[in-house]
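First up is the structure itself, then whatever we jot down about it.
The values are calculated or read from the model by the stated rules, or taken from the named source; none is laboratory data. None of these values were measured; they are calculated from a predicted model. Note that we place each Cβ from the backbone using ideal geometry, even for glycine, and neighbour counts take in every protein chain shown. Side chains are part of the model used for accessible areas, which takes the heavy atoms of the whole protein and leaves out ligands, DNA and RNA. Shrake-Rupley method; radii C 1.70, N 1.55, O 1.52, S 1.80 Å.
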Amino acid sequence: MELEVRHLRALCAIADTGSLHKAARQLGVSQPSLTTQLRRIENSLGAELFSRGRTGCRPTPLGRSLLSRARPLVADMAALVTETRAAARADGPGLRVGSTASRALPGWLRRLRQRLPDTDVGLRVDVSANALLRTVAAGQLDVAFVHEVEGCPLRVPEGLTGRILVDREPQFISMAHDHPAAARPVVDLADLAADHWMVDPTVDGEWDGLRRVLDAAGIDPPLLHGDYHTAASLIVLGEAVAPCQPTSGPREDMAIRPLRGDPLGVRLLLYARPGAPLDVLYAELAAAYREVALRAAPYREWLRRQGGTATLSVGPCMMTV
């Protein structure tokens, strides 16, 4: 087996995160796959590169020596890719937009194309906010709209300019329309203790944030791992419940309800590289978000109930119901 750049990148990720689990999420692969890859690398070199323990993975002396040579190679390869893509930028879109999943995304793109009619707008959607931010920092995207799970801060590269769109967006719960809890306007976590909860572990912070909230509530429901397309099919059959964005659209076979006390929350953020038209991007995103937020009946009702004055700080102004 010959070492390749992808192998060196994997070793650097393990060293940086101190964990095979975290490194696998950062690389977008499964933990068993990364564990197997590390074992093959060590077998090919004839030595152990990391010591595994209850506190995580730590480089051995030989591992540290290899990493000192690997890191510049990985950085040089990343620079080569970035410079090549930059040279080809003239043939690509004029504005490169990245985003995690959001109901505001279609309206944002529509508004940008109307506001900037002479600019081609490209799009990249990724479940990983950290991956999108790294892509902006590498010059492969101009801007990224991301969400940060409460208690799980993002790793923001230096040199990016950021703005807060919504300081705390409550996360609602989706369930089958005939779920017993769906009969109530607000759902208690305890009412869902016996349900299977579906979570996507590839979304940065999603698993850790949910686990923290469930532990704080003193409940330990069975958990399923999978993407939210799979979750939707299980939810409508009554086989699972899942956290969801409050802007989620209505469906006849699914109920969207707020959780009492709003224990789950995310912060919505916009990051751009230097030179990007951040003021325009931010203003159009805020308008698109307000549009979808007021269109979603459960969210609109949640806003109405807040302290008797239904307002939410979005972008440069307040949204009022």
Seminar exercise, completed: Selection over segment 193-219 where residues are closer than 25 Å to residue 178 by Cβ and outside any helix (DSSP H, G or I) yields a count of 10
For this session: Can you give me the number of residues within segment 59-93 that are at pLDDT below 80, of a type in the set (Ser, Thr, Tyr) and surrounded by 12 or more Cβ atoms within 10 Å (Cβ to Cβ)?
Result: 1
Exercise. Has segment 149-168 got any residue that is in contact with an Asp or Glu (Cβ under 9 Å, 6 or more places away or on another chain), open to solvent by less than 50 Å² (accessible area, probe 1.4 Å) and assigned to a helix (DSSP H, G or I)?
Worked result: no
Exercise. In segment 9-56, how many are of a type in the set (A, V, I, L, M), open to solvent by 50 Å² or more (accessible area, probe 1.4 Å) and assigned to a helix (DSSP H, G or I)?
Worked result: 2
Exercise. Does any residue in segment 252-270 that is touching a residue at least 60 places away in the same chain (Cβ under 8 Å) come within less than 6 Å, Cβ to Cβ, of a residue that is of a type in the set (S, T, N, Q) and surrounded by fewer than 20 Cβ atoms within 10 Å (Cβ to Cβ) six or more places away or on a different chain, and which pairs are these?
Worked result: 256/248
For this session: Run down 124, 96 and say which single residue is modelled with pLDDT of 90 or more, touching a strand residue (DSSP E or B) at 6+ places or on another chain (Cβ under 6 Å) and open to solvent by less than 50 Å² (accessible area, probe 1.4 Å).
Result: 96
Seminar exercise, completed: Here the residues within segment 246-267 that are in a loop (DSSP other than H, G, I, E, B) and either charged (D, E, K, R) or under 17 Å from residue 148 (Cβ atoms) (or both) are 246, 247, 252, 253, 260, 262, 263, 264
Exercise. What residue, among those in segment 130-141 that are out of contact with any Gly (no Cβ under 8 Å at 6 or more places or on another chain) and of a type outside the set (Lys, Arg), is most open to solvent (accessible area, probe 1.4 Å)?
Worked result: 140
Exercise. Inside segment 268-292, can you point out the residues that are open to solvent by 30 Å² or more (accessible area, probe 1.4 Å) and either in a strand (DSSP E or B) or within 21 Å of residue 172 (Cα to Cα) (or both)?
Worked result: 271, 290, 291
